[in-house]
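Here the structure is laid out as structure tokens; the discussion comes afterwards.
Values in this text are rule-based calculations from the coordinates and carry no lab data. Computed from a predicted model, the values in this text were never measured in an experiment. As a convention, Cβ positions derive from the backbone with ideal geometry for all residues, glycine included, and neighbour counts pool all protein chains shown.
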Amino acid sequence: MNHVRHETSAPIDAVLIGAGFSGLYMLHRLRGLGLTTRVFDAADGVGGTWYWNRYPGARCDSESHYYCYSFSEEIRKDWQWSCRYPAQPEILAYLNFVADRLDLRRDIEFGTRVIAGTYDEEHALWNVETDRGETVRARFLITGVGCTSAAATSTPAIPGIENFSGATYHTASWPHETVDFAGKRVGLIGTGSSGIQCTPRLAEEAAHLTVFQRTPNYSVPARNHLLTDAMRRELDDDFDTLRRKTLNSPIGMPFDVPQVSALEASPEERKRKYDALWETGGFRFMFESYSDLVLDIKANETAAEYVRTKIREKVSDPAVAAILCPFDHPIGTKRPPIDTAYYETFNRDNVTLVDIKTNPIREATADGLTLQHGEHHKLDAIVFATGFDAVTGALIKLNLRGRGGLPLGEKWSAGPRAYLGLCTAGFPNLFMITGPGSPSILANFPVCIEQHVDWIADCISRMRAESRVEIEPLVEAEDAWARMIAEDANKTLLPLANSWYMGANIPGKPRVFLAYPNGIHAYAELCAGVAERGYEGFELRSHKVLEAAD
Ligand code: NAP
């Protein structure tokens, strides 16, 4: 890393952190407003999460025709997705295409990590420090750092892991070079979406794959397929209808929102519906079946038991199937994984499933992992698919200090507080795209990102028109937002799982529900109302300060 110390230069309008889905569109909007903006990203290219998560099998779980930008007709028409669920390289190629098409790269500094940011109250400016030794002063600081970008830990705290002589990998920061598992004994720890996606691929490549499972998950087949020209034409012809459905949907996907309770249907009707949606594949099983799957435990159990039955049908060894059957949380209370031949992989001769809930890992040795009951598994490589310090981790890592030098991590020590999930009191002019308390993690990211970015851009535009230099949420407004989230989340089954939605996957992280739970459609309306009422819940200030970028 180049640690040249630069002179602190004249203030600019905005510093934007991250060049993924959020950062690219935000930069485009800020440019449209005529703002001078510098974008920093630690990676050597655009893509954000899709730059780093390049493990075998990494693929989008949302369908390509709505997991993309909608703001530009030109971009939409000039890009062709190859299949229903694009793989990581194709999504990365798409984001590169967007960056080129909008000529975004000239404002992005790659290989540059923001290591701190301090708010200068006197001048209403952020002082942003990079690992290249530069301090940049800017009126606005906007983060597009993603929700699942900071790995929980590079390796979980397994005693003796430093003694393991084989290679170790984390799905969230996979090497760019091809990793060759041929002839190797590979261990995989973690069976969330990432682990479930890479299991079949590792099983195909390795001599032997051992999956160490702590908590079984409910996975539904993705049923990926190539898109034909006729399919693409049909999606294109239907674009307006699909977009309307997307914007009316709580999860930002063009699904038919179900109106009927699972408990109103007869067992035969339910089976017919679940069978049909199981064949359709993907998130539709959860989100197009019944209205109360995440509201009523009995309704939920009908879907949960259906999935368990499917697991028992697919996995030939009943003892293995029993270990794979989820039991400790309702279906949909953890982010639902979808898969391609995940359960079938456990029928392969070269795959072993190890239940580390009943027999945890005791220690790592030079040649593998030893379990509590003494069983030893010899391994040449270990893949950690052990998740993220989601939503808040990447933000806290930025070392931001607000009014009075208060660190963001300290302010959020009992859990994050962010009005609309976008702004936090004591940190004026900081906007967090997909921040904690926004609906993003429960919905389709590009739809949420476009809504957040448009709202932020409109807010900045209005501030400039009215010669305002500072915006900051009121403490009462963010407290009320946090209370509403907790109360509304408690009306659902979501808090019942030890999920990353609750911060429960990170030891010591406050157990707080991290998302607005009533859907992106309702959230977008709330945000629009706040703006219409003159940024209700915020304080906007015009005071004597240096004019940015002059
Ligand atoms: P995750 O859902 O948090 O799963 C982590 C897994 O690692 C869990 O099975 C967890 O077990 C296990 N684990 C964690 N620490 C462990 C330890 N010390 N010992 C043993 N097991 C341990 O993480 P993820 O699979 O990376 O997915 C996170 C999110 O990223 C997803 O929910 C999704 O939103 C996003 N994602 C999206 C896609 C996509 O769209 N294509 C793909 C991958 C991921 P416990 O359950 O017992 O804690």
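Here is how the numbers come out for the structure above:
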item: Hydrodynamic radius (Kirkwood) for the chain, which is based on Cα pairs only, to one decimal in Å; result: 24.6
item: The range 274-341 - Debye-derived log10 I(q)/I(0), Cα point model, q = 0.12, 0.19, 0.21, 0.26 Å⁻¹; result: -0.30, -0.77, -0.94, -1.34
item: Helix 445-465 vs. the chain, principal-axis angle (Cα, 0 to 90°, nearest 10); result: 10
item: Computed Rg/Rh of the range 300-413, alpha carbon atoms with Kirkwood Rh; result: 1.11
item: DSSP-defined beta bridges in the chain - what % are antiparallel, rounded to 5; result: 40
item: Backbone N within the range 79-109 under 11 Å of label point (7 Å from F239 Cα along the Cβ vector); result: 79
item: Neighbour-count ranking [beta-carbon atoms within 10 angstrom, fewest first] of D349, D44; result: D349, D44
item: Estimated translational D of the range 161-384 in µm²/s (Stokes, Kirkwood radius over Cα pairs; 20 °C; 1.002 mPa s); result: 110
item: Cross-link reach list, lysines versus K334, counting only Cα pairs under 25 Å and skipping chain neighbours closer than eight places; result: K245, K271, K273, K298, K310, K314, K357, K397, K491, K509
item: Compactness index (Cα Rg / 2.2 N^0.38 Å), the range 49-180; result: 1.35
item: In the range 215-310, the GluC sites (Glu not before Pro) that fall in loop regions by DSSP, at most 15 other Cβ within 10 Å; result: E264
item: Theoretical gain in end-to-end length, R312 to R483 [0.36 nm per residue, Cα-Cα removed]; result: 57.4 nm
item: At R0 = 22 Å, FRET efficiency that the Cβ-Cβ distance of W79 and R106 yields, to 0.05; result: 0.55
item: Isotropic mean projected area of the C-alpha convex hull, the range 153-274 (nm²); result: 13.0
item: Full-stretch length increase - A341, A531 - with 0.36 nm per residue and alpha-carbon distance subtracted; result: 63.7 nm
item: Alpha-carbon radius of gyration plus Dmax, which is the widest Cα pair, for the range 200-332 in Å; result: 17.5, 49
item: FRET efficiency for N498 and I297, using Cβ-Cβ distance with R0 set to 22 Å, rounded to 0.05; result: 0.85
item: Bins of 5 Å, starting at 0 and running to the largest distance - Cα pair percent for the range 164-207; result: 5, 18, 33, 31, 13, 1
item: Length-normalised contact order of the range 161-384 in % [C-alpha pairs under 8 Å, at least 6 apart]; result: 35
item: Acute angle (nearest 10 degrees) that the helix 21-32 long axis makes with the longest principal axis of the chain, alpha-carbon atoms; result: 20
item: For the chain: relative contact order, % (alpha-carbon pairs under 8 angstrom, 6 or more apart); result: 20
item: With Cα atoms, 0 to 90° folded angle of helix 475-490 axis to the chain main axis; result: 20
item: Residue-averaged 222 nm ellipticity for the chain, from DSSP H runs of 4+ at -39500 (n - 2.57), nearest 500; result: -9500 deg cm²/dmol
item: Gyration tensor verdict on the range 199-263 (Cα atoms; rounded if a/c is under 1.5, prolate if a/b is larger than b/c, oblate otherwise); result: oblate
